[in-house]
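Everything on this sheet refers to the single structure shown next.
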Amino acid sequence: MAGPVSTMALDQYNDYIEHMRKEQFPMLTDALYLDHAGTTLYSKRLMERFQADMMSSLFGNPHSASPSSQRSTQEVETARITLLRFFNADPEHFDLVFTANATAAIKLVMEAFREQQEGFWYGYHVESHTSIVGVRECATDNRCFGSDEEVDHWIGQSGRSHDVDQLRLFAYPAQSNMNGRRLPLEWCKRLRQLGGQQRTYSMLDAAAYASTSPLDFSNVEAAPDFTALSLYKIFGFPDLGALIVRKDTAPLFQSRRYFGGGTVDMVVCLKEQWHAKKASALHEQLEDGTLPVHSIIALKSALQTHEELFGSLDRVSAHTARLAEELYQRLTSLNHANGRPVCMVYKHARAIYGNVNTQGPIVAFNLCDSRGNWVSNTEVEKLASVKNIHLRTGGVCNPGGIAEALGLAPWEMRENFSAGHRCGGENDVLNGKPTGVIRVSLGAMSTKSDVARFLGFVDEFFWDKAAQPLSARSSATVQTTAVQRFHVESLTVYPIKSCAGWQVPHGAPWPIRNEGLAWDREWCIVHQGTGKGLSQKQHPRMALLRPSLDFNAGVLRVSAPGSGERVAVRLSKDPSYLETADYAHRNASVCGDLIKARLYTSSAVAEFFTKALGVPCTLARFPAASPHSPSLRHSKAHLQQARHKAGVPRPILLSNESPILTISRSSLNRLNEQIKAKGGKAAHPSVFRANIVLAESACLPPGHEQPWAEDAWQSMRVGGEDGPVLEFLGGCRRCQMVCIDQVSGEKNQEPLVTLAKTRRFDGRVLFGVHTALAVEHGGGCSIIKAGDVVEALARSDTFEGVDSAYRKDA
Ligand SMILES: *Cc1c(COP(=O)(O)O)cnc(C)c1O
């Protein structure tokens, strides 16, 4: 099989992969996987081969004399040699150390240098992965090289000065994991040729590079001293890393002080503390403890299968280069109807797509709308997720590369950090600049149809072919006077954060406070291991847990569908209940905020939630009210943060949490008309998880509804002249969660797909409005009820004003 695969023309090869992967990569059915730089995928054949191997032999723990142990040892040593040969590395000159991942390989080298008497000097390239950057913390002195030219210049200079007496280590990526740029491999050779009193060692981070490109160590003099690899990025399985090390660096590792099982021959404890380190092979000195034997054995199957399915890494390299070139060219030539570009691609000046020496199969970019504003990457990721497209966004573990590509100065990164931005956070456009990229990375089993499907996705959601103002903006009716045609259709509280809602009975007076409706998000569910609050995004089954408030019995009941099981906890916060053995005060982290929650330790409660959700968890109650601190007046003080951080306008969009969420039935009806016009499934109001649903008079003639009127409202008075005023804080950003049916837990593409096309404002998809009791109520408590009339107070400025308020936040 390997024969024909390695000689096919590229077009034929693409067709072959397309066909082959249907059978060999069944998990790709329907999915568009574009994160091969994160990890590539394992084939059916590889898993079956590995399984057969495991079933047919007895493998013991190496390091002993039994036949099963000897067999394991043999297999491990064979895998080691086979892998070295895969990289054309002569075992005479190179050793290979198995590690957990590339980072562990880098750390092994760092540890050896850290143990040197004189310490060491460390240089690294700005486009390095975080794991390479971190080594600097252990060096006595370090330098970050801002460009290839700086490195070239430094190597040239170093050749002339022979007076350095400190060990030096220079590390860089063979390929950037951010934009796929390939860096000059010849630096390793040039550093070796420098000679001098103390050598400058080279460490090549080949984790990204080796995934789609052959590494060739046949020229021993040109090879790096240390090469870090992520084997799962090449083969998809097993989850292993490796360090390829030149044997002549062995003396460096002599200063290693730690020893563990596996790396010593004899140890004496008590009086005479003495040990004999293994002196034979480098890998024996460095592989502490039991090796991941079964994973290493799986490498045999991985190597064989890779060759059968893909031919060679040369083939993979040529194939993926062509796909990336096409993707790059199509993305860069895409313009909105008004001529503005759709994509800003971060290509290095030295890189050329299609040229495998300078560029790997990764495209990093950001999207712009037709007005030239950045589209938020969180938004792109949400839509991709609905379309079953798997890509990565954000800082992608490449701090220097990101800063360079996005033009972020260190102060801006610090400022972004203190403004609440974290890797993977929601606020990815700050001060008008994106804080991360969209990364599309291709792999051996990618095909032309993947590229086409991704371009179709960009076309569908981000390419403005009319380049007209968005429909939502033009259809909004600007109200300049107060309108009184709406009423409160229903009130819903979510007693347990992220679980199902409980509808307040029609007409029942309900307290509303600064932090929201009474009993809303009073409890949450906390993971027993991590202390993290669980959310529906990771645990969709939470939607099926139904809390109900029973004031007569004084309990909150929770039922789980299907099982018929129930659990009840007391509503009362009376301290005499709380000091019982059923509670423990614990730190919990909810939406990134650390709070002191009271955990229910009763096994009945914990078991109920653990069984219902399939993760070890229990119920927790948010902190108790403290009469001394005004900001902690209420039990859900953390929910108020968004309001306290603020000046005006309040940056409510910085937080996932707001006191109250209001939606309009008229807007929902309009949205559902648009969805149904395209043959989609209408959205149930429950997917928006609103607290207040507003509706217009049922007596209005058809077509007289005012959808999206709420966009222009500044506040509303509920329940007549003496009723409380609720302020509108800003539109509510939506994600793929609105696609989860709250009754069945089923996933759908709507309503997010239609929302994304009709309700996007500066890259944010908005539906519903964050709402809070107006400040004039000064922390008081008011009453509202379903059925109350609603008087809308419109903004004095135009709808454009609403829009620019969003922009300030962006
Ligand atoms: C993935 C990657 C790493 C980290 O690899 P791990 O196996 O996760 O430790 C380091 N550098 C580059 C260039 C990578 O792509």
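So Leu793 clears everything in (1) modelled with pLDDT under 90; (2) in contact with a Phe, Trp or Tyr (Cβ under 8 Å, 6 or more places away or on another chain); (3) over 20 Å from Trp713 (Cβ atoms) except one condition, right? Which one? With respect to (1) modelled with pLDDT under 90; (2) in contact with a Phe, Trp or Tyr (Cβ under 8 Å, 6 or more places away or on another chain); (3) over 20 Å from Trp713 (Cβ atoms), Leu793 is out only on (3). A search for C-beta distances below 9 Å between a residue of region 33-48 that is farther than 18 Å from Leu303 by Cβ and without any contact (Cβ under 8 Å) to a residue 40 or more places away in the chain and any residue that is away from the ligand (no atom under 16 Å from the Cβ) and β-branched (Val, Ile, Thr), counting only pairs 6+ apart in sequence or on different chains, returns nothing.
At least 2 residues that are surrounded by 24 or more Cβ atoms within 10 Å (Cβ to Cβ) and near the ligand (Cβ under 10 Å from one of its atoms) in each: list the helices (runs of 4 or more DSSP H) lying fully within region 97-214 that qualify.
Working: elements: 102-114, 130-133, 148-158, 187-194.
So the answer is 102-114.
Every listed requirement among (1) in a strand (DSSP E or B); (2) surrounded by fewer than 24 Cβ atoms within 10 Å (Cβ to Cβ); (3) within 15 Å of the ligand (Cβ to nearest atom) is met by Asp239 save one, (1).
I'd like the residue in region 1-37 that is assigned to a loop (DSSP other than H, G, I, E, B) and in contact with a strand residue (DSSP E or B) (Cβ under 6 Å, 6 or more places away or on another chain) and, out of all such residues, is nearest to the ligand (Cβ to nearest atom).
Applying the first criterion (assigned to a loop (DSSP other than H, G, I, E, B)) to region 1-37 yields 1, 8-9, 25, 29-31, 34, 36-37.
Then keep just the ones that are in contact with a strand residue (DSSP E or B) (Cβ under 6 Å, 6 or more places away or on another chain); that gives 34, 36-37.
Working: Leu34: 15, His36: 10, Ala37: 6 Å.
Of everything passing the filter in region 1-37, Ala37 is nearest to the ligand (Cβ to nearest atom).
Taking residues in region 257-273 that are over 15 Å from Glu115 (Cβ atoms), and partners anywhere that are β-branched (Val, Ile, Thr), the pairs with Cβ atoms closer than 8 Å and at least 6 places apart or on different chains are Gly261/Thr290; Gly262/Thr290.
When you look at Arg80, is it part of a helix (DSSP H, G or I), among the basic types (Lys, Arg) and either over 16 Å from Leu291 (Cβ atoms) or without any contact (Cβ under 8 Å) to a residue 40 or more places away in the chain (or both), yes or no? Spelling it out, it is not the case that Arg80 is part of a helix (DSSP H, G or I), among the basic types (Lys, Arg) and either over 16 Å from Leu291 (Cβ atoms) or without any contact (Cβ under 8 Å) to a residue 40 or more places away in the chain (or both). Checking each residue in region 587-633 for being assigned to a helix (DSSP H, G or I), out of contact with any strand residue (DSSP E or B) (no Cβ under 8 Å at 6 or more places or on another chain) and at pLDDT 75 or above picks out Ser603, Glu607, Lys611, Ala612.
Answer yes or no as to whether Arg168 is under 28 Å from the mean Cα position of the chain (by Cα) and more than 26 Å from Leu291 (Cα to Cα). Let's see the steps before the verdict.
Numbers: under 28 Å from the mean Cα position of the chain (by Cα): no; more than 26 Å from Leu291 (Cα to Cα): yes.
Judged against the criteria, Arg168 is not a match.
When Ser68 is tested against (1) part of a loop (DSSP other than H, G, I, E, B); (2) without any contact (Cβ under 8 Å) to a residue 60 or more places away in the chain, just one condition goes unmet, and that condition is (1). Of the strands (runs of 3 or more DSSP E) lying entirely inside region 506-580, those containing at least 1 residues that are over 30 Å from Gly720 (Cβ atoms) are 523-527, 546-550, 555-559, 566-570. Whether a residue is among the hydrophobic types (A, V, I, L, M, F, W, C) and touching a residue at least 40 places away in the same chain (Cβ under 8 Å) was assessed, and Leu729 passes this test.
Count of region 83-96 residues, restricted to those that are surrounded by 14 or more Cβ atoms within 10 Å (Cβ to Cβ), away from the ligand (no atom under 16 Å from the Cβ) and not acidic (Asp, Glu), is 7. Output yes when any residue across region 250-259 is modelled with pLDDT of 95 or more and more than 11 Å from the ligand (Cβ to nearest atom), and no when none is. For region 250-259, residues modelled with pLDDT of 95 or more and more than 11 Å from the ligand (Cβ to nearest atom): absent. Would you confirm whether or not region 377-389 contains a residue that is touching a helix residue (DSSP H, G or I) at 6+ places or on another chain (Cβ under 9 Å), more than 16 Å from the ligand (Cβ to nearest atom) and over 14 Å from Val458 (Cα atoms)? The answer is no; no qualifying residue exists.
The values are calculated or read from the model by the stated rules, or taken from the named source; none is laboratory data. Not measured: the values here are computed from a predicted model. Glycine also receives a Cβ, built like all others from the backbone with ideal geometry; neighbour counts cover every protein chain displayed.
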